[in-house]
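A quick write-up on the structure given underneath.
The values are calculated or read from the model by the stated rules, or taken from the named source; none is laboratory data. A quick note: this is a predicted structure, and the numbers were derived from the prediction, not measured. Every residue, glycine as well, gets a Cβ built from its backbone with ideal geometry; the counts of neighbours run over all protein chains shown. Quick note on the areas: whole protein, heavy atoms, side chains included, nothing else; ligands and nucleic acids left out. Shrake-Rupley method; radii C 1.70, N 1.55, O 1.52, S 1.80 Å.
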Amino acid sequence: MLEQVPISSKEIDDYRPIIGDQRVDEIVALAKPLRGARVLHLNATAFGGGVAELLSAVVPLMRSVGLDAEWRLMVGAPELWEVTKAIHNLLQGAYICPTATPLASAIRRRGAIRERAIGACWTPEMADVWRCYNALTAERFEGTYDFVVIHDPQPAGVLAFLLQQRPELRVGKWIWRCHIDLTRARADVWDFLRPYLAPYDASIFTMLEYVKQDMPTPRVALIAPAIDPLSTKNVDLPAETIRDILRQFGVDPDRPIISQVSRFDPWKDPLGVVDVYKRLKRDFRDLQLLMVGSMATDDPEGLRYFELTARRAGEDPDIHLLTNFHGVGNFEVNAFQRASRVVLQKSIREGFALTVSEALWKGRPVVATAAGGIPLQVASGQCGYLVKTMRECVERTGELLRDPDLADNLGRNGRERVRENFLTTRLLSDYLQLFQTLGSHTSTRASTPSASRSRP
Ligand code: UDP
(Lines give C-alpha, C1' and ligand atoms only; values in the text may rest on other atoms or scores of the structure.)
Protein backbone atom coordinates (compact mmCIF):
# COMPACT_ATOMS: atom_id res chain seq x y z
CA MET A 1 0.00 0.00 0.00
CA LEU A 2 1.45 3.38 -0.97
CA GLU A 3 1.59 6.07 1.70
CA GLN A 4 -1.50 8.25 1.65
CA VAL A 5 -1.13 11.97 2.27
CA PRO A 6 -3.66 13.31 4.78
CA ILE A 7 -5.69 16.10 3.25
CA SER A 8 -7.61 18.94 4.80
CA SER A 9 -11.27 19.51 4.15
CA LYS A 10 -12.34 22.24 1.73
CA GLU A 11 -15.75 23.40 0.56
CA ILE A 12 -16.35 24.67 -2.95
CA ASP A 13 -19.01 27.05 -1.61
CA ASP A 14 -16.37 28.95 0.35
CA TYR A 15 -15.01 30.18 -2.99
CA ARG A 16 -18.25 31.93 -3.99
CA PRO A 17 -17.23 35.32 -2.54
CA ILE A 18 -13.93 35.12 -4.44
CA ILE A 19 -14.89 33.93 -7.92
CA GLY A 20 -18.64 34.50 -7.87
CA ASP A 21 -21.68 32.22 -7.81
CA GLN A 22 -21.77 31.65 -11.54
CA ARG A 23 -18.32 30.10 -11.73
CA VAL A 24 -18.89 27.92 -8.70
CA ASP A 25 -22.20 26.72 -10.15
CA GLU A 26 -20.45 25.90 -13.44
CA ILE A 27 -17.88 23.80 -11.58
CA VAL A 28 -20.55 21.96 -9.62
CA ALA A 29 -22.41 21.19 -12.86
CA LEU A 30 -19.21 20.01 -14.52
CA ALA A 31 -18.53 17.66 -11.61
CA LYS A 32 -22.00 16.15 -11.54
CA PRO A 33 -21.47 13.38 -14.13
CA LEU A 34 -18.17 12.52 -12.42
CA ARG A 35 -19.60 12.08 -8.93
CA GLY A 36 -18.14 9.06 -7.19
CA ALA A 37 -15.28 8.70 -9.67
CA ARG A 38 -12.17 7.38 -7.99
CA VAL A 39 -9.17 9.64 -8.60
CA LEU A 40 -5.60 9.09 -7.50
CA HIS A 41 -2.87 11.72 -7.59
CA LEU A 42 0.58 10.21 -7.17
CA ASN A 43 3.77 12.20 -6.73
CA ALA A 44 7.11 12.16 -4.95
CA THR A 45 6.66 14.41 -1.92
CA ALA A 46 3.98 15.74 0.39
CA PHE A 47 6.01 18.77 1.33
CA GLY A 48 8.00 21.52 -0.34
CA GLY A 49 7.76 22.76 -3.89
CA GLY A 50 4.90 23.54 -6.19
CA VAL A 51 3.41 20.09 -6.81
CA ALA A 52 2.73 19.46 -3.14
CA GLU A 53 1.25 22.94 -2.93
CA LEU A 54 -1.10 22.28 -5.84
CA LEU A 55 -2.25 18.90 -4.62
CA SER A 56 -2.97 20.09 -1.10
CA ALA A 57 -5.67 22.33 -2.59
CA VAL A 58 -7.02 20.51 -5.60
CA VAL A 59 -7.44 17.08 -4.00
CA PRO A 60 -9.77 18.29 -1.20
CA LEU A 61 -11.65 20.43 -3.72
CA MET A 62 -12.20 17.41 -5.96
CA ARG A 63 -13.66 15.66 -2.93
CA SER A 64 -15.86 18.62 -2.17
CA VAL A 65 -17.53 18.38 -5.59
CA GLY A 66 -18.18 14.66 -5.16
CA LEU A 67 -15.16 12.87 -6.60
CA ASP A 68 -13.48 10.23 -4.48
CA ALA A 69 -10.00 11.72 -4.77
CA GLU A 70 -6.90 10.73 -2.87
CA TRP A 71 -3.21 11.62 -2.86
CA ARG A 72 -0.45 9.07 -2.41
CA LEU A 73 3.34 9.08 -2.54
CA MET A 74 5.70 6.91 -4.52
CA VAL A 75 8.23 4.77 -2.69
CA GLY A 76 11.40 6.81 -2.33
CA ALA A 77 14.70 7.18 -0.53
CA PRO A 78 17.62 9.65 -0.63
CA GLU A 79 19.38 7.68 -3.38
CA LEU A 80 16.30 8.08 -5.58
CA TRP A 81 16.00 11.81 -4.86
CA GLU A 82 19.62 12.31 -5.95
CA VAL A 83 18.77 10.59 -9.23
CA THR A 84 15.42 12.31 -9.80
CA LYS A 85 16.90 15.75 -9.08
CA ALA A 86 19.49 15.01 -11.75
CA ILE A 87 16.73 13.90 -14.13
CA HIS A 88 14.85 17.11 -13.33
CA ASN A 89 17.94 19.22 -14.01
CA LEU A 90 18.78 17.39 -17.22
CA LEU A 91 15.23 17.64 -18.52
CA GLN A 92 15.33 21.36 -17.78
CA GLY A 93 18.44 21.68 -19.89
CA ALA A 94 21.48 21.13 -17.68
CA TYR A 95 24.14 19.71 -19.90
CA ILE A 96 27.28 19.35 -17.92
CA CYS A 97 28.35 17.23 -15.03
CA PRO A 98 30.48 19.74 -13.10
CA THR A 99 32.67 17.17 -11.43
CA ALA A 100 33.24 15.14 -14.55
CA THR A 101 34.91 17.43 -17.07
CA PRO A 102 37.51 20.15 -16.83
CA LEU A 103 35.44 22.25 -19.24
CA ALA A 104 32.49 22.09 -16.87
CA SER A 105 34.62 23.16 -13.93
CA ALA A 106 35.99 26.05 -15.97
CA ILE A 107 32.49 27.16 -16.87
CA ARG A 108 31.42 26.83 -13.26
CA ARG A 109 34.27 29.07 -12.16
CA ARG A 110 33.00 31.72 -14.57
CA GLY A 111 29.84 32.52 -12.62
CA ALA A 112 28.66 34.62 -15.56
CA ILE A 113 27.50 31.50 -17.38
CA ARG A 114 25.60 30.23 -14.38
CA GLU A 115 22.90 28.68 -16.47
CA ARG A 116 25.22 26.31 -18.27
CA ALA A 117 27.05 25.54 -15.09
CA ILE A 118 24.08 23.74 -13.59
CA GLY A 119 25.17 20.23 -14.10
CA ALA A 120 24.14 16.68 -13.60
CA CYS A 121 25.38 13.30 -14.66
CA TRP A 122 23.36 10.57 -16.30
CA THR A 123 24.64 7.03 -15.93
CA PRO A 124 23.21 3.50 -16.37
CA GLU A 125 23.39 3.06 -12.58
CA MET A 126 21.14 6.10 -12.13
CA ALA A 127 18.67 4.68 -14.62
CA ASP A 128 18.66 1.45 -12.57
CA VAL A 129 17.88 3.31 -9.35
CA TRP A 130 14.95 5.10 -11.00
CA ARG A 131 13.62 1.82 -12.45
CA CYS A 132 14.01 0.05 -9.14
CA TYR A 133 11.88 2.57 -7.18
CA ASN A 134 9.29 2.81 -9.92
CA ALA A 135 8.99 -1.00 -9.96
CA LEU A 136 8.72 -1.01 -6.15
CA THR A 137 6.01 1.64 -6.29
CA ALA A 138 4.11 -0.44 -8.85
CA GLU A 139 4.43 -3.49 -6.57
CA ARG A 140 2.84 -1.57 -3.70
CA PHE A 141 0.12 -0.08 -5.87
CA GLU A 142 -3.32 -1.24 -4.76
CA GLY A 143 -6.82 -0.84 -6.03
CA THR A 144 -8.26 0.52 -9.24
CA TYR A 145 -9.19 4.05 -10.16
CA ASP A 146 -11.18 5.89 -12.79
CA PHE A 147 -8.40 8.44 -13.18
CA VAL A 148 -4.78 8.22 -12.08
CA VAL A 149 -2.68 11.35 -12.37
CA ILE A 150 1.05 10.74 -12.07
CA HIS A 151 3.00 13.91 -11.40
CA ASP A 152 6.42 14.60 -12.91
CA PRO A 153 9.25 12.26 -13.93
CA GLN A 154 9.92 10.77 -10.50
CA PRO A 155 7.08 8.18 -10.61
CA ALA A 156 6.51 8.30 -14.39
CA GLY A 157 7.51 4.64 -14.80
CA VAL A 158 4.92 3.24 -12.41
CA LEU A 159 2.38 2.50 -15.14
CA ALA A 160 4.85 0.58 -17.30
CA PHE A 161 5.89 -1.59 -14.33
CA LEU A 162 2.30 -2.12 -13.27
CA LEU A 163 1.52 -3.36 -16.77
CA GLN A 164 4.33 -5.90 -16.43
CA GLN A 165 3.45 -6.98 -12.90
CA ARG A 166 -0.36 -6.80 -12.63
CA PRO A 167 -1.98 -5.52 -15.82
CA GLU A 168 -5.42 -6.11 -14.33
CA LEU A 169 -4.89 -2.98 -12.20
CA ARG A 170 -4.60 -0.80 -15.29
CA VAL A 171 -8.20 0.30 -15.15
CA GLY A 172 -9.50 3.78 -15.94
CA LYS A 173 -7.50 6.56 -17.54
CA TRP A 174 -3.88 7.27 -16.72
CA ILE A 175 -2.53 10.76 -17.12
CA TRP A 176 1.06 11.98 -16.83
CA ARG A 177 1.24 15.54 -15.51
CA CYS A 178 4.55 17.18 -16.40
CA HIS A 179 5.23 20.30 -14.36
CA ILE A 180 8.59 21.08 -15.91
CA ASP A 181 9.84 22.73 -19.04
CA LEU A 182 11.06 20.07 -21.48
CA THR A 183 12.05 22.52 -24.19
CA ARG A 184 15.75 21.91 -23.77
CA ALA A 185 15.62 18.40 -22.36
CA ARG A 186 18.84 16.48 -22.82
CA ALA A 187 18.22 13.97 -25.59
CA ASP A 188 19.49 10.82 -23.90
CA VAL A 189 17.46 11.42 -20.75
CA TRP A 190 14.34 12.17 -22.78
CA ASP A 191 14.96 9.03 -24.87
CA PHE A 192 15.20 7.07 -21.64
CA LEU A 193 11.96 8.47 -20.21
CA ARG A 194 9.85 8.54 -23.36
CA PRO A 195 8.97 4.80 -23.63
CA TYR A 196 7.70 4.85 -20.06
CA LEU A 197 5.21 7.57 -21.05
CA ALA A 198 3.82 5.69 -24.04
CA PRO A 199 1.18 3.69 -22.12
CA TYR A 200 -0.51 6.81 -20.70
CA ASP A 201 -3.85 7.93 -22.10
CA ALA A 202 -2.96 11.61 -21.85
CA SER A 203 -0.40 14.04 -20.63
CA ILE A 204 -0.76 17.52 -19.19
CA PHE A 205 1.69 20.36 -19.72
CA THR A 206 1.68 23.93 -18.44
CA MET A 207 2.38 25.46 -21.84
CA LEU A 208 2.37 24.32 -25.46
CA GLU A 209 6.06 25.22 -25.76
CA TYR A 210 6.91 22.53 -23.21
CA VAL A 211 5.43 19.68 -25.22
CA LYS A 212 8.01 17.56 -27.03
CA GLN A 213 7.31 16.92 -30.70
CA ASP A 214 7.55 13.18 -30.14
CA MET A 215 5.41 13.09 -27.01
CA PRO A 216 3.94 9.58 -27.19
CA THR A 217 0.59 10.05 -25.41
CA PRO A 218 -2.45 10.11 -27.72
CA ARG A 219 -3.80 13.24 -26.05
CA VAL A 220 -2.06 16.32 -24.62
CA ALA A 221 -3.86 18.87 -22.45
CA LEU A 222 -2.56 22.31 -21.52
CA ILE A 223 -3.38 23.27 -17.96
CA ALA A 224 -1.62 25.99 -15.98
CA PRO A 225 -1.12 25.52 -12.25
CA ALA A 226 -2.95 27.70 -9.76
CA ILE A 227 -2.96 28.87 -6.16
CA ASP A 228 -5.51 28.42 -3.42
CA PRO A 229 -6.76 31.81 -2.19
CA LEU A 230 -8.09 30.21 0.99
CA SER A 231 -4.97 28.33 2.03
CA THR A 232 -2.96 29.47 5.05
CA LYS A 233 -0.38 30.71 2.58
CA ASN A 234 -2.70 33.00 0.67
CA VAL A 235 -5.55 34.01 2.91
CA ASP A 236 -5.74 37.68 3.99
CA LEU A 237 -3.80 38.58 7.13
CA PRO A 238 -4.25 41.56 9.47
CA ALA A 239 -1.45 44.13 9.24
CA GLU A 240 -0.54 43.72 12.90
CA THR A 241 -0.12 39.95 12.51
CA ILE A 242 2.29 40.57 9.62
CA ARG A 243 4.34 42.98 11.72
CA ASP A 244 4.47 40.51 14.61
CA ILE A 245 5.75 37.76 12.37
CA LEU A 246 8.42 40.00 10.87
CA ARG A 247 9.65 41.01 14.33
CA GLN A 248 9.71 37.37 15.38
CA PHE A 249 12.26 36.71 12.63
CA GLY A 250 14.32 39.81 13.36
CA VAL A 251 12.99 41.72 10.35
CA ASP A 252 12.14 45.42 10.81
CA PRO A 253 8.54 45.99 9.64
CA ASP A 254 9.17 49.72 9.21
CA ARG A 255 11.97 49.36 6.66
CA PRO A 256 11.53 48.30 3.03
CA ILE A 257 11.72 44.62 2.21
CA ILE A 258 12.34 42.78 -1.03
CA SER A 259 12.01 39.01 -1.12
CA GLN A 260 12.25 35.83 -3.10
CA VAL A 261 10.39 32.75 -1.88
CA SER A 262 11.88 29.72 -3.59
CA ARG A 263 13.72 26.52 -2.90
CA PHE A 264 17.48 27.05 -2.68
CA ASP A 265 18.13 25.72 -6.14
CA PRO A 266 20.44 26.90 -8.90
CA TRP A 267 17.52 27.35 -11.33
CA LYS A 268 15.98 29.90 -8.95
CA ASP A 269 19.23 31.90 -9.02
CA PRO A 270 19.41 32.77 -5.32
CA LEU A 271 22.97 34.03 -5.80
CA GLY A 272 21.69 36.48 -8.40
CA VAL A 273 19.05 37.67 -5.95
CA VAL A 274 21.73 38.44 -3.37
CA ASP A 275 23.65 40.36 -6.05
CA VAL A 276 20.57 42.40 -6.99
CA TYR A 277 20.03 43.29 -3.34
CA LYS A 278 23.67 44.28 -2.89
CA ARG A 279 23.49 46.69 -5.80
CA LEU A 280 20.22 48.18 -4.55
CA LYS A 281 21.61 48.52 -1.05
CA ARG A 282 24.00 51.21 -2.31
CA ASP A 283 20.99 53.49 -2.98
CA PHE A 284 18.52 52.14 -0.43
CA ARG A 285 20.51 51.99 2.77
CA ASP A 286 17.64 50.66 4.89
CA LEU A 287 16.65 47.89 2.46
CA GLN A 288 16.20 44.34 3.77
CA LEU A 289 16.27 41.10 1.78
CA LEU A 290 14.22 38.08 2.74
CA MET A 291 15.00 34.79 1.04
CA VAL A 292 12.74 32.00 2.05
CA GLY A 293 13.21 28.46 0.84
CA SER A 294 11.71 25.30 2.24
CA MET A 295 13.74 22.13 1.96
CA ALA A 296 11.66 19.70 -0.08
CA THR A 297 12.20 16.07 0.87
CA ASP A 298 12.94 15.14 -2.73
CA ASP A 299 15.46 17.95 -3.26
CA PRO A 300 18.92 17.00 -1.97
CA GLU A 301 20.48 20.13 -3.48
CA GLY A 302 18.61 22.41 -1.06
CA LEU A 303 21.07 22.37 1.81
CA ARG A 304 24.10 22.65 -0.46
CA TYR A 305 22.63 25.65 -2.24
CA PHE A 306 21.50 27.27 0.99
CA GLU A 307 25.12 27.22 2.15
CA LEU A 308 26.34 28.71 -1.13
CA THR A 309 23.76 31.48 -0.82
CA ALA A 310 24.73 32.16 2.79
CA ARG A 311 28.34 32.50 1.68
CA ARG A 312 27.36 35.00 -1.02
CA ALA A 313 25.22 36.93 1.48
CA GLY A 314 28.15 37.28 3.88
CA GLU A 315 27.72 39.09 7.18
CA ASP A 316 25.02 41.59 6.16
CA PRO A 317 22.45 41.58 9.00
CA ASP A 318 19.76 42.86 6.61
CA ILE A 319 19.85 39.67 4.58
CA HIS A 320 17.59 37.04 6.13
CA LEU A 321 17.89 33.51 4.80
CA LEU A 322 15.07 31.45 6.21
CA THR A 323 13.80 27.91 5.77
CA ASN A 324 11.29 25.56 7.33
CA PHE A 325 14.11 24.59 9.71
CA HIS A 326 13.78 28.11 11.17
CA GLY A 327 10.07 27.59 11.71
CA VAL A 328 8.91 29.20 8.47
CA GLY A 329 5.67 27.62 7.36
CA ASN A 330 2.83 28.70 5.09
CA PHE A 331 1.58 31.32 7.50
CA GLU A 332 5.01 32.98 7.69
CA VAL A 333 5.51 32.81 3.90
CA ASN A 334 2.16 34.55 3.56
CA ALA A 335 3.27 37.35 5.90
CA PHE A 336 6.67 37.74 4.20
CA GLN A 337 5.13 38.01 0.74
CA ARG A 338 2.59 40.57 1.97
CA ALA A 339 5.28 42.61 3.73
CA SER A 340 7.46 42.86 0.62
CA ARG A 341 7.54 46.12 -1.31
CA VAL A 342 8.65 44.12 -4.33
CA VAL A 343 8.80 40.37 -4.84
CA LEU A 344 11.56 38.98 -7.04
CA GLN A 345 11.55 35.78 -9.07
CA LYS A 346 14.91 35.66 -10.72
CA SER A 347 14.62 32.14 -12.07
CA ILE A 348 16.74 30.82 -14.92
CA ARG A 349 14.26 28.05 -15.73
CA GLU A 350 10.82 27.47 -14.32
CA GLY A 351 7.93 25.14 -14.77
CA PHE A 352 5.42 27.73 -13.69
CA ALA A 353 6.53 29.50 -10.45
CA LEU A 354 3.50 29.46 -8.20
CA THR A 355 5.30 31.98 -6.01
CA VAL A 356 4.60 34.63 -8.65
CA SER A 357 0.83 34.19 -8.49
CA GLU A 358 1.08 34.02 -4.71
CA ALA A 359 2.76 37.43 -4.58
CA LEU A 360 0.42 39.00 -7.14
CA TRP A 361 -2.62 37.70 -5.28
CA LYS A 362 -1.33 39.58 -2.24
CA GLY A 363 -1.23 42.76 -4.26
CA ARG A 364 2.54 42.89 -4.53
CA PRO A 365 4.32 43.69 -7.81
CA VAL A 366 6.73 41.09 -9.14
CA VAL A 367 10.01 41.73 -10.91
CA ALA A 368 10.97 38.51 -12.64
CA THR A 369 12.84 36.92 -15.50
CA ALA A 370 10.71 35.66 -18.37
CA ALA A 371 11.45 32.02 -17.52
CA GLY A 372 8.92 29.23 -18.10
CA GLY A 373 5.43 30.09 -16.94
CA ILE A 374 6.34 33.47 -15.45
CA PRO A 375 5.30 35.52 -18.53
CA LEU A 376 1.85 33.88 -18.33
CA GLN A 377 1.49 35.49 -14.94
CA VAL A 378 3.36 38.78 -15.13
CA ALA A 379 2.10 41.13 -17.81
CA SER A 380 5.14 43.39 -17.91
CA GLY A 381 4.27 46.97 -17.00
CA GLN A 382 0.85 45.95 -15.69
CA CYS A 383 1.51 43.84 -12.62
CA GLY A 384 5.26 43.98 -12.41
CA TYR A 385 8.17 43.78 -14.82
CA LEU A 386 9.82 41.07 -16.84
CA VAL A 387 13.55 41.66 -16.93
CA LYS A 388 16.38 40.18 -18.95
CA THR A 389 19.50 41.32 -17.16
CA MET A 390 20.74 41.89 -13.66
CA ARG A 391 20.93 45.60 -14.40
CA GLU A 392 17.32 45.73 -15.54
CA CYS A 393 16.28 43.80 -12.46
CA VAL A 394 18.04 46.31 -10.22
CA GLU A 395 16.56 49.28 -12.10
CA ARG A 396 12.98 48.04 -12.11
CA THR A 397 13.09 47.01 -8.47
CA GLY A 398 14.61 50.38 -7.59
CA GLU A 399 11.86 52.15 -9.54
CA LEU A 400 9.19 50.36 -7.51
CA LEU A 401 10.97 51.00 -4.23
CA ARG A 402 11.03 54.71 -5.04
CA ASP A 403 7.37 54.81 -6.05
CA PRO A 404 5.16 52.87 -3.59
CA ASP A 405 1.97 54.06 -5.32
CA LEU A 406 3.09 52.56 -8.60
CA ALA A 407 4.03 49.36 -6.76
CA ASP A 408 0.56 49.19 -5.18
CA ASN A 409 -1.18 49.84 -8.51
CA LEU A 410 0.74 47.10 -10.27
CA GLY A 411 0.02 44.79 -7.34
CA ARG A 412 -3.70 45.50 -7.56
CA ASN A 413 -3.70 44.64 -11.27
CA GLY A 414 -1.82 41.47 -10.45
CA ARG A 415 -4.44 40.36 -7.96
CA GLU A 416 -7.18 40.67 -10.60
CA ARG A 417 -5.09 38.82 -13.15
CA VAL A 418 -4.67 35.95 -10.70
CA ARG A 419 -8.38 35.98 -9.83
CA GLU A 420 -9.19 35.56 -13.53
CA ASN A 421 -6.62 32.94 -14.40
CA PHE A 422 -4.65 31.33 -11.65
CA LEU A 423 -6.92 30.29 -8.80
CA THR A 424 -7.30 26.66 -7.88
CA THR A 425 -10.99 26.67 -8.83
CA ARG A 426 -9.92 27.14 -12.47
CA LEU A 427 -7.48 24.27 -12.07
CA LEU A 428 -10.26 22.10 -10.67
CA SER A 429 -12.48 23.02 -13.58
CA ASP A 430 -9.71 22.13 -16.07
CA TYR A 431 -9.22 18.71 -14.47
CA LEU A 432 -12.96 18.03 -14.53
CA GLN A 433 -13.13 18.95 -18.20
CA LEU A 434 -10.21 16.70 -19.01
CA PHE A 435 -11.74 13.80 -17.07
CA GLN A 436 -15.00 14.28 -18.94
CA THR A 437 -13.22 14.36 -22.27
CA LEU A 438 -11.25 11.22 -21.52
CA GLY A 439 -14.22 9.44 -19.97
CA SER A 440 -13.78 6.43 -17.77
CA HIS A 441 -15.86 3.64 -19.10
CA THR A 442 -15.06 0.96 -16.60
CA SER A 443 -16.52 1.15 -13.15
CA THR A 444 -13.89 0.78 -10.47
CA ARG A 445 -16.43 0.61 -7.70
CA ALA A 446 -18.46 -2.53 -7.73
CA SER A 447 -19.87 -1.64 -4.33
CA THR A 448 -21.38 1.67 -5.49
CA PRO A 449 -23.20 0.95 -8.73
CA SER A 450 -25.10 4.22 -8.61
CA ALA A 451 -21.85 6.14 -8.69
CA SER A 452 -20.59 4.27 -11.73
CA ARG A 453 -23.92 4.47 -13.53
CA SER A 454 -23.90 8.21 -13.26
CA ARG A 455 -20.61 8.44 -15.05
CA PRO A 456 -20.53 9.49 -18.72
N1 UDP B 1 7.44 27.52 -0.67
C2 UDP B 1 7.18 27.48 0.68
N3 UDP B 1 8.16 27.79 1.55
C4 UDP B 1 9.35 28.16 1.12
C5 UDP B 1 9.63 28.21 -0.27
C6 UDP B 1 8.64 27.88 -1.15
O7 UDP B 1 6.08 27.16 1.12
O8 UDP B 1 10.19 28.43 1.97
C9 UDP B 1 6.35 27.23 -1.58
C10 UDP B 1 5.96 28.43 -2.40
O11 UDP B 1 5.17 29.32 -1.63
C12 UDP B 1 5.23 27.78 -3.55
C13 UDP B 1 6.00 26.47 -3.73
O14 UDP B 1 6.68 26.24 -2.51
O15 UDP B 1 3.91 27.52 -3.19
C16 UDP B 1 7.00 26.57 -4.84
O17 UDP B 1 6.38 26.40 -6.06
P18 UDP B 1 6.99 26.98 -7.39
O19 UDP B 1 6.09 26.58 -8.49
O20 UDP B 1 7.23 28.45 -7.25
O21 UDP B 1 8.41 26.30 -7.53
P22 UDP B 1 8.94 24.79 -7.47
O23 UDP B 1 9.53 24.64 -6.10
O24 UDP B 1 7.80 23.88 -7.73
O25 UDP B 1 10.00 24.75 -8.53
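Against the chain, whose longest principal axis is taken from its Cα atoms, helix 424-438 shows a tilt of about 30°.
Take the Cα radius of gyration of segment 223-263 and divide it by 2.2 N^0.38 Å, N being the number of residues; the result is 1.46.
When +1 charges are put on Lys and Arg Cβ atoms and -1 charges on Asp and Glu Cβ atoms, the dipole computed for the chain relative to its Cα centre reaches about 640 debye. For the chain, the equivalent ellipsoid derived from the alpha-carbon gyration tensor has semi-axes of 37, 28, 18 Å in decreasing order. Over segment 229-293, all Cα pairs binned in 10 Å intervals from 0 give whole-percent P(r) values of 18, 42, 34, 6, listed from short to long.
Estimated at the nearest 10 Å², the accessible area of Thr232 is 80 Å² with a 1.4 Å probe. According to the calculation over all Cα-Cα pairs in segment 354-410, the P(r) per 5 Å bin from zero is 4, 22, 33, 26, 13, 2 %.
Annotated for the chain: lysine pairs at least 8 residues apart or interchain, Cα distance under 17 Å, count 7. When only alpha carbons are used to place a centre, segment 1-61 and segment 163-184 end up 20 Å from one another. Across segment 151-166, coupling constants 3J(HN,Hα) worked out from phi with the 6.51/-1.76/1.60 Karplus curve, θ = phi - 60°, read 9, 6, x, 3, x, 4, x, 4, 4, 4, 6, 4, 5, 6, 7, 9 Hz, and Gly and Pro carry x. Heavy atoms of the protein chains alone define the surface here; on that basis the chain has 40 Å² accessible area per residue at 1.4 Å probe size.
When the GluC sites (Glu not before Pro) in segment 135-241 are filtered for DSSP coil states and for at most 13 other beta-carbon atoms within 10 Å of their beta-carbon, the remaining sites are Glu142.
Ranking Val148, Ile180, Ala160 by how far each Cα lies toward the positive end of the dipole of segment 130-188 (charges on Cβ) leaves Ile180 at the top.
In this structure, the amide hydrogen of Ser203, modeled 1.01 Å from its nitrogen in the peptide plane, lies closer than 5 angstrom to those of Trp176, Arg219, Val220, Ala221, counting only residues at least 5 positions away or on a different chain. For the chain, the longest principal axis of the C-alpha atoms and the axis of helix 50-64 are separated by about 50°.
Here's how it looks for Trp71: its modeled amide H is under 5 Å from those of Val5, His41, which are all 5 or more places away or on a different chain. Couplings 3J(HN,Hα) of segment 27-32, computed from phi: 5, 4, 5, 4, 7, 3 Hz, in residue order, whole Hz [Karplus 6.51 cos²θ - 1.76 cosθ + 1.60, θ = phi - 60°; x for Gly and Pro].
Per-residue SASA remark: His326, around 90 Å² accessible (1.4 Å probe; ligands, DNA and RNA not included). Amide H contacts under 5 Å for Tyr385: Val366, Val367, Ala368, restricted to partners 5 or more places along the chain or on a different chain, H placed in the peptide plane at 1.01 Å from N. Across the accessible surface of the chain, with the other protein chains kept in place and a 1.4 Å probe, carbon and sulfur atoms take up 50 percent. Normalised by the number of residues in the chain, the mean separation of alpha-carbon contacts (under 8 Å, six or more apart) gives a relative contact order of 17 percent. To the nearest 10 degrees, how steep is helix 270-281 against the longest Cα principal axis of the chain, on a 0 to 90 scale? On a 0 to 90 degree scale, this one is about 30.
Working note: 222 nm ellipticity from helices only, DSSP H runs with n ≥ 4, each -39,500 (n - 2.57), summed and divided by the residues of the chain, gives -13000 deg cm²/dmol to the nearest 500. Phi angles across segment 341-353 convert, under the Karplus curve 6.51 cos²θ - 1.76 cosθ + 1.60 with θ = phi - 60°, into 3J(HN,Hα) values of 5, 9, 10, 9, 9, 8, 5, 8, 9, 8, x, 10, 6 Hz, Gly and Pro given as x. For the Cα trace of segment 269-390, dividing Rg by the Kirkwood Rh returns an Rg/Rh value of 0.94. The value given for segment 15-63 is a Kirkwood hydrodynamic radius of 12.6 Å, derived from the mean inverse Cα-Cα separation.
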